[in-house]
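Visitor: One structure is given below, represented as structure tokens, and several questions about it will come after.
The values are calculated or read from the model by the stated rules, or taken from the named source; none is laboratory data. The structure presented is a predicted model; accordingly, all values stated were derived computationally and were not measured. Positions of Cβ are generated from backbone atoms using ideal geometry, with glycine treated the same way; all protein chains shown enter the neighbour counts.
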Amino acid sequence: MSLKKHIAGIIPVSGLQTDFNMPWHDSLMPIGPNYLAVERAVAECAYAGCDSIWVVCDDSVSPLIRYQVGEKIQDPVYDYRHFEFDKGAVKKPIRIYYVPLAIKDINKRDNLAWSAIFGAQTANKVLGSLSRHMIPHRFYIAWPYGHYNPRLLREHRKLIIENNVVLEHEQENVKDNKYLSFTLTKEQIKKLVEESKTTSSGLWDKERKNRLSKKERYSYRGYDLKKVFAGLDFSDYEEIDIPEYDPLDCWKNYCRFITKDLKITKPKILKYSEWNEIGLDNE
């Protein structure tokens, strides 16, 4: 008997440079009434069938995101089953983890794509240390800097669990710098980590005799999605077409998005919730 494949949802928050310059983080930009961009990515992971969600963000940002998102979200398939006698007993909570970037990567390779790679590494390491049965089979990367209806992914849950998928809009995907979701395997993560070392500069030149200038050193931190994921082969991927998509990576695109009459509503599964502590002594 084969066990259910574990799909880890990765939400890269840190690493994108925008021109918003708001008092809050760019991933907390509103896209609807009481509905933030990072919440849309969390809901997408839930609709896609992820078993755990890993939000990769700086320590300075995680308290604000955690205050809005919480520590768990209910799986929409099991959230309300009207034919069940005890509806609460069949609910399936999805745990949300907050992952800070490694100190060694800050100002060296801390771009948005690396946040996705590092989040997948962390999820694989943590879950693998608990049990080999919990090791993620693949990683679902959901960006908070693009908008499309997250409910569209519910009908593709089985496809996402069984196959590698890539979301496309007008025949463009993440390799075209579009903030559209896709999946990665452990082997692909290892390859991307190796490429981060071989395709970019470090502190020293190739002969390791002279230090590079500040503009030349650590070139990986300036790589965009297109450059980081250029080597991925999507030939065997299942394509999921997204009819409406809007980027939210700059003020101009954001203004274009909010002027549309999309009538966006916050999914009901997005409710702040925490895990109760076990064995806590009352003082």
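Visitor: Count, please, the residues in region 40-59 that happen to be more than 18 Å from L180 (Cβ to Cβ) and either charged (D, E, K, R) or over 14 Å from the mean Cα position of the chain (by Cα) (or both).
Guide: So the count comes out to 3.
Visitor: Please verify whether V77 is touching a Gly at 6+ places or on another chain (Cβ under 9 Å) and modelled with pLDDT under 90, treating the condition exactly as stated.
Guide: Here the answer is yes, as V77 does meet what is asked.
Visitor: Sort out which residues of region 169-187 are crowded, with 20+ Cβ neighbours inside 10 Å and over 26 Å from K266 (Cβ atoms), and write them in order of number.
Guide: N173, L184 - these are the residues of region 169-187 that are crowded, with 20+ Cβ neighbours inside 10 Å and over 26 Å from K266 (Cβ atoms).
Visitor: For residues in region 107-137 being of a type in the set (D, E, K, R) and within 18 Å of the chain's Cα centre (by Cα), which is surrounded by the most Cβ atoms within 10 Å (Cβ to Cβ)? Before the answer, list the steps.
Guide: So in region 107-137, the residues of a type in the set (D, E, K, R) come out as 108-110, 125, 132.
If we keep only those that are within 18 Å of the chain's Cα centre (by Cα) too, we end up with 109-110, 125.
Working: R109: 27, D110: 19, K125: 10.
The qualifying residue surrounded by the most Cβ atoms within 10 Å (Cβ to Cβ) is R109.
Visitor: Scan region 42-90 for residues that are out of contact with any helix residue (DSSP H, G or I) (no Cβ under 7 Å at 6 or more places or on another chain), of a type in the set (V, I, T) and within 26 Å of R138 (Cβ to Cβ) and jot them down.
Guide: V77, V90
Visitor: If I ask for residues that are without any contact (Cβ under 8 Å) to a residue 60 or more places away in the chain and of a type in the set (S, T, Y), which ones from region 12-57 would you list?
Guide: none
Visitor: From the residues in region 200-248 that are among the polar types (S, T, N, Q) and either over 25 Å from H169 (Cα atoms) or within 22 Å of the chain's Cα centre (by Cα) (or both), which one is surrounded by the most Cβ atoms within 10 Å (Cβ to Cβ)?
Guide: S200
Visitor: Given (1) surrounded by fewer than 17 Cβ atoms within 10 Å (Cβ to Cβ); (2) in contact with a Ser or Thr (Cβ under 8 Å, 6 or more places away or on another chain), identify the lone condition not met by E155.
Guide: (2)
Visitor: Taking the options Y220, Y272, name whichever one is in contact (Cβ under 8 Å) with a residue 40 or more places away in the chain, assigned to a helix (DSSP H, G or I) and closer than 30 Å to L28 by Cα.
Guide: Details: Y272 fails: assigned to a helix (DSSP H, G or I).
Residue meeting the stated conditions: Y220.
Visitor: Please determine, by comparing only the residues of region 211-240 that are touching a helix residue (DSSP H, G or I) at 6+ places or on another chain (Cβ under 8 Å) and of a type in the set (D, E), which one is farthest from E194 (Cα to Cα).
Guide: The selected residue is E238.
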